[in-house]
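Derivation of every value follows stated rules applied to the coordinates shown; laboratory data play no part. Just so you know, these numbers come straight off a predicted model, no measurement behind them. Using ideal geometry, Cβ is built from the backbone for each residue, glycine included, and neighbour counts are taken over all protein chains shown.
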Amino acid sequence: MTLQLVLVVAAALFCVGLYGALSQQVIVMVMMGLELMLNGVILAVGAFWWFLAPNPDGLLLLLVVIAAMTVEMAMGFAIATLLHRSKETDMTDMATELSG
Amino acid sequence: MTGEGMNQAWVLLAPVLLGAIALAGAALNGALAARAEGRPALSGSARPMLEVVRLMRQRRRVTVAADRLLWRIGGMALLVIALLKTAVIPFGPWILADIPVGLVWFNAMDVMVWAAIWLMGWGANSAHALAGGYRFLAQAASYELPLMFALVTPAVAAQSLRVSEIVDAQQSLWFVVWMPVAFLVFCASVLAFSAWGPFATAASGDIAGGILTEVSGVDRLLILAGRYALLATGAAFAVALFLGGGAGPLLPEWFWTLVKTLAVLAVFIVVSRRFSGVRPDRLAEVAWVIGLPIMLLQTLVVSIIVAVRG
Amino acid sequence: MLSIIIFSALAIVAVVSGIAVFRVDSMARATYALAVSFVAVGVMLLMFDLDYIGVITILMMVMEMAIMAIYMIMFMGMNPALMPMSMVHNNRWSAILATGTFLLLAGGAVLVPWPARSGSVGTEDLTMALGEALMGSKMLVMLTVSPILFATIVAALVLANPRGRYDRWGDNLQRATPDDPQQGGLGK
Amino acid sequence: MSGAAPEFFQLGVAALWLLVGLPAGLGIALCLAGRRATRLAVPVSIATAAVTVVVAVVVATLRPAVEVPFLAGAPFGLAVDGLSALIVPTVAVVTLLVLIFAAAEGTESPARFHGLMLIFAAAVAVTATATTLPTLLFSWEIMGAMSYALIGFHWRDDIRVSGGLTAFITTRMGDLGLYLAAGAAVAGGAGLELANLAAAPSPWRDVIAAGILLAAFGKAAQLPFSFWLSRAMEGPSPVSALLHSAAMVAMGGYLLLRLEPLLEVTPWAAITVAWVGALTALLLGAVAVAQRDLKQLLAASTAAQLGFVVLAAGVGSVSGGTAHLIAHALTKALLFLAAGAWLTALGTKQLSELRGAARRWPLVGVTFAAGALSLAGIAPLSLWATKDEVLAGALETSPALYVVGLAAAALSAAYAGKALFILWGKSSTEAVGPYDTEQPGTRHIGLWARIPLVLLAVGAVFAGVLALPPVGDWLRSVLGAEADPRPGVAELVGSAALALLVLGLVAKTRGRSSSWAANWLYLGHATRIVVVDPVLLLSEKLARFDDNVLDSLATKTAPSGMRVLSEKLASFDDSSLDAAVNKTAKGGMRAASLVTRADAAGPDAAVEATASAARRLGVLARRPQTGQVHHYYAQVTVILAIAIVLLLVLALVVR
């Protein structure tokens, strides 16, 4: 088990998540893609911690990533709920308020 | 702690013991149920064994378009979770895996129950079962936070997440004495994550058995056994966290653990029969508006005591 | 050697279930495939001696996915066990971008000359050390992060809540008990 | 700090914590309890305020100092020194009296009101005793927030809430200065102790001073920021009495007094402070004279009187400034409470409608008169002496400042007199005035509402001793400002005479004009006394000089010389100038047409090209803004990838 191996796995997870976030139409599925990306990030940070600098400070970053993930989920669900309530849709394609 | 040899024997012994305790719980419940119906208690206590035999022989029924994979996973999960929980529970001097974060492990496992029960509800492709699954998730969202703080409180007092160290920290004074609220909340949560007693709305009769509606045969056996096993592990963990583990006079530690576990289990079964069901939608507000603050206060009090004592 | 085998197995589980999230037809399966992926990563973290973080990852993510499944079904409102779903857009470009990113990242991971490990895993309790870092030297970080996270949660609640207090308690907040479609246990 | 025995020091520390903690804790509790504490609110709040008064006196005697860790390198420090030993009891007493008055008047949701007031009192106590900038900032912010909450207390009225918002935002603008000062103090290495700010190295010290000035001017409603005080009058009268006269606004002046050493080593800041103070006193005095609304008049007068305090800080007269601050706090709280009592009883605060109100409630009228006369600077009353002490400092610095200050004092006599005479004047008709124009009045002023007025009136009458020899010397020794300039007898008598004179003038003009147009005329009178009459006198003198000397000179030399000169000029005009003008005009036309052609070909075309290019770019820039989340994700991915590749290439090149 080497750092390179773990990082490649992490990159794979990240990119599968990226594919999902880019390709899915349903907002909850997009969120799942984002979660998968963060999953890769968690793995990568854990690997960096273990192989490069195993001291408690590094763990903090992991903790923050996990906390950010859960909050991201809360925000995502809130927006999804709002979108569903106002537009009766769960598709990101229908939400074009940001269109320039 | 004793040697490695003993630990290896314990690997084999632990599941058997878990099964035995769960069966004892089931027998007691059967006896109480029989007495309530005016039949002799003894016939009731034999009922679980007969039920096991019956379900083993019963053919599995499968609903149309059921998601069998998830359904089976959900059905098996309860028992597996109970076994995984057993891994971190010290039984007298023996413990399967005394990991440094045993307490968090226990917590992670009881979160697995969320998934397990919802999958049971979903997999059956039946409205009643799905409603049961949803009921359990609603209930879980209510009990989980108070439960987490109830778990944290003994850890704060023992200044460790390792279960054996929490047990050791109570040699002079059991934690139940100075954290009664945490103990009660934990006990209620054990009933809740076992979907038992007043918290059994996920499988209650008003939705035709909820998650149990469509399961039959071995699947049903696994789920029923899993619930008793969860109840048993919950009781054992309550003993380890709050009731001093194996602490007791004269007799060996394992004996005291067994006695206390059985006693707690008996109390769970007897007392919870006396309550009517708690609606999950009502529970949420009670748990968050009363349970959580009171639990936080308990944790605060314990933290202050620990900080003052140094 | 054993660790490499275990790790590889976990890695395969993690990535395959990750791919399964976007390949399976059932929403429940997609969600729980993601949960499996997370559990695999959590176990990998346990292999790095990250006991607490690993278990916490498992705990949080299983819980999160249990909730996620509800939302999936709530919003998509059908049983995809009965009908296959394909709700994608921009599929080809997404795949190209993801592959490109993977090549870039993996190339970087393999080619960058990573420094040697500095410092060593102490024998002390890592969870305790993490707690002390949280409440000590890294207090400022947490002080900064936590209000932001908290504010985000509050914002999420505000966005998602369809009924404000005037809807519940009346225009002059005059009702003794709120007018809720579903009464809570305390009537608050 | 104090040489007291340890047990006394311990007692002092406990008292100091109590001073801050008790009102803060109970205030928060009351606010949280909300409607459930309606019955409890008044007793709790008045008991707390009373205890606070006792504790404040204890603290002022024992002079404790405490410090607990707060931020890295900046502890949460509280200490009582000479200055705060004077201010803290004053504020505590005023708070108690105002709360008694408020309780007597009654208010909706008393728990919230008294809770906010108590929190505010705690914040003031922290402000007055703070020893470090973070501590000060902490309480400063709380004061601002409480001020907002209290001005907008009747939150169902939009105008009150927006008044609170105006006050909050304006003072917030100033507050930024405090952050600036804190940043500069850290950057300059002076540390965050208030006492060390003066020791900061030069460029940073100037930044600190600028920041402090901004903050103090904002809070004290000095000139660029004065208007917020007017909007703040939307709040309930007790709030005006406490926050916008005695406590919060005063804290702006207090901050400058406290940091006077910093001003001393930063000459430009001292001069700025002195002039801003003096000009505020003058101009807001004029504004006060023009007001038709009693509370607005008092508000403008508050800003003007604080101008004197600020002036004192600028000229280094700490003792004068402090005495003036205290005397003004008592006086103005009294006036605001009296105005509030009438507002409640008669439902109006318009001066025209309040005519004769003092006769209806003579006790309130007499106390108001005491306050107004003190404000006017009538001889034995408080503000007379304190103001002169400030002016003595100003005279030492610059005569011009003194003159401006004296003019401002005359104006204060004018507006105080105006309010006084109207309120005590006989209604022109015997019929009851058009009351209840702003809110329904109760026609009743309770006993408990009168008691604070009487007590405050006693203070307003006698606080002047703080500036006069026996007590004044003690005050100076407490403040360590023995060397501050003292007013001479001539100045004291002169200012008293001036005040009397102005008061007399006001009385006379009022007698002549009963209609409200006269008030604007009366502003003209004030202007005439100060400006017009001297100018007329001067111009008369100049005219006589002109008649006698210049005119005769002119009549003798003008006729013959002028005729010759004009003929010469006429012929020159025809021959050269006219022709030149014609030619220039023709040349101009030609040049203009040339330029037009060049413009169309050159700059105009360039502008058109630029514009269309910008439009094209704009269209291009809009294209990625699809509003589709996945497009954004894709863009981010590509951009991040490019950035990473660039970084890698860069790293390789550098290697």
Using the alpha-carbon centroid of each, what span in Å lies between region A:25-39 and region B:204-247?
-> 34 Å
To the nearest whole number, what is the average tally of beta carbon atoms from other chains within 10 Å of the beta carbons of peptide B:103-116?
-> 5
Working from the pairwise distances between different alpha carbons, so that the mean of 1/r is found and then inverted, what is region C:1-82's Kirkwood radius in Å?
-> 13.4 Å
Structure-based [θ]222 nm, chain B - -39500 (n - 2.57) summed over DSSP H runs of at least 4, per residue, nearest 500 | -24000 deg cm²/dmol
Among A:C15, B:C187, which comes first, then next, by fewest other beta-carbon atoms within 10 Å?
-> B:C187, A:C15
Shielding by partners, peptide A:35-44 (average Cβ within 10 angstrom, other chains) | 6
Quick one: in chain B, what % of C-alpha pairs are over 35 Å apart?
-> 19 percent
When the Cα atoms of chain D are enclosed in a convex hull and the volume is divided per residue, what value in Å³ results?
-> 305 Å³
Taking the Cα atoms only, what angle lies between the long axis of helix B:4-36 and the longest principal axis of chain B, rounded to 10 degrees?
-> 60 degrees
List D:R292, D:R231, D:R563 from most exposed to least, where exposure is judged by having the fewest other Cβ atoms within 10 Å.
-> D:R563, D:R292, D:R231
Sort the following peptides by mean Cβ neighbour count (other Cβ atoms within 10 Å, averaged over residues), highest first: D:241-248, D:7-14.
-> D:241-248, D:7-14
Determine the relative contact order of chain B: mean sequence separation of Cα pairs under 8 Å and six or more apart, normalised by residue count, in whole percent.
-> 25 percent
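How crowded by other chains is C:104-115, given as the mean number of beta carbons from other chains within 10 Å of each beta carbon?
6
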Highest GNM mean-square fluctuation among C:I73, C:I53, C:I96, for chain C with Cα springs under 10 Å, belongs to C:I96
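Suppose R0 equals 45 Å. What FRET efficiency, 1/(1 + (r/R0)^6) with r the Cβ-Cβ distance, do D:L594 and D:E567 give to the nearest 0.05?
Computed FRET efficiency for D:L594 and D:E567: 0.65.
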For region B:26-140, state the semi-axes of the equivalent ellipsoid (square roots of 5 times the eigenvalues of the alpha-carbon gyration tensor), sorted largest first and rounded to whole angstrom.
-> 27, 25, 14
15 Å beta-carbon shell around D:C31, net charge (K/R +1, D/E -1) | +2
Any idea what angle helix B:102-123 forms with the longest principal axis of chain B, computed on alpha-carbon atoms, 0 to 90 degrees, nearest 10?
-> 10 degrees
If each K or R counts +1 and each D or E counts -1, the residues other than B:A240 whose Cβ falls under 15 Å of its Cβ total -2
Non-local Lys pairs in chain D, i.e. 8 or more apart or on different chains, that have alpha carbons under 26 Å apart | 26
Å³ per residue enclosed by the Cα convex hull of region B:72-169 | 81 Å³
Of the peptides D:305-318, D:592-605, how do they stack up when ordered by the mean number of other Cβ atoms within 10 Å, highest first?
-> D:305-318, D:592-605
So for R0 = 22 Å, FRET eff. of C:L103-C:S8 from the Cβ-Cβ r, to 0.05, ends up at 0.60
For chain B, the longest principal axis of the Cα atoms and the Cα long axis of helix B:180-193 enclose an angle in degrees, to the nearest 10, of 20 degrees
In units of 2.2 N^0.38 Å, the Cα radius of gyration of region C:127-181 is 1.89
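With charges only on Cβ, +1 for K and R and -1 for D and E, what is the dipole size of the protein assembly as shown about its Cα centre, in debye, rounded to 20?
Computed charge dipole of the protein assembly as shown: roughly 2600 debye.
What ranking do D:88-98, D:495-505, B:249-259 get when scored by the average of other Cβ atoms within 10 Å per residue, highest first? Walk me through the intermediate numbers first.
Numbers: D:88-98: 26.4, D:495-505: 18.7, B:249-259: 14.5.
Those peptides, ordered most packed to least, come out D:88-98, D:495-505, B:249-259.
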For D:F153, A:F48, D:F462, D:F368, what's the fewest-to-most ordering of other Cβ within 10 Å of each Cβ?
-> D:F462, A:F48, D:F153, D:F368
Given +1 on the Cβ of Lys and Arg, -1 on the Cβ of Asp and Glu, and no further charges, what dipole in debye does region B:4-309 carry about its Cα centre, rounded to the nearest 20?
-> 940 debye
Output row, site B:L13, 7 Å Cα→C-beta label point, backbone N cut-off 19 Å, window region B:94-115, residues B:94-99
Candidate span helices, chain D: DSSP H, at least 27 Å along axis from Cα coords, Kyte-Doolittle average at least 1.6, result D:6-33, D:38-62, D:82-105, D:267-290, D:629-654
Could you work out the local net charge near D:G188, counting Lys and Arg as +1, Asp and Glu as -1, over the other residues with Cβ closer than 12 Å to its Cβ?
-> 0
Note to self: C-alpha centroids of region B:39-113 and region D:581-643 sit apart, in Å, by 74 Å
Would you mind getting me the FRET efficiency between D:W268 and D:V13? Use the beta-carbon distance for r and R0 = 45 Å, nearest 0.05.
-> 0.70
For region D:84-144 (alpha-carbon point model, no solvent) the Debye-based log₁₀ I(q)/I(0) at q = 0.14, 0.26 Å⁻¹ works out to -0.44, -1.05
Which part of region D:136-154 falls in the paramagnetic zone of D:V186, meaning amide N under 14 Å from the point 7 Å along Cα-to-beta-carbon?
-> D:137-138
Can you tell me what the convex hull of the Cα atoms of the protein assembly as shown projects to on average, as an area in nm²?
-> 72.6 nm²
Largest-first principal axis extents, alpha carbons of region B:160-310, Å | 54, 40, 26
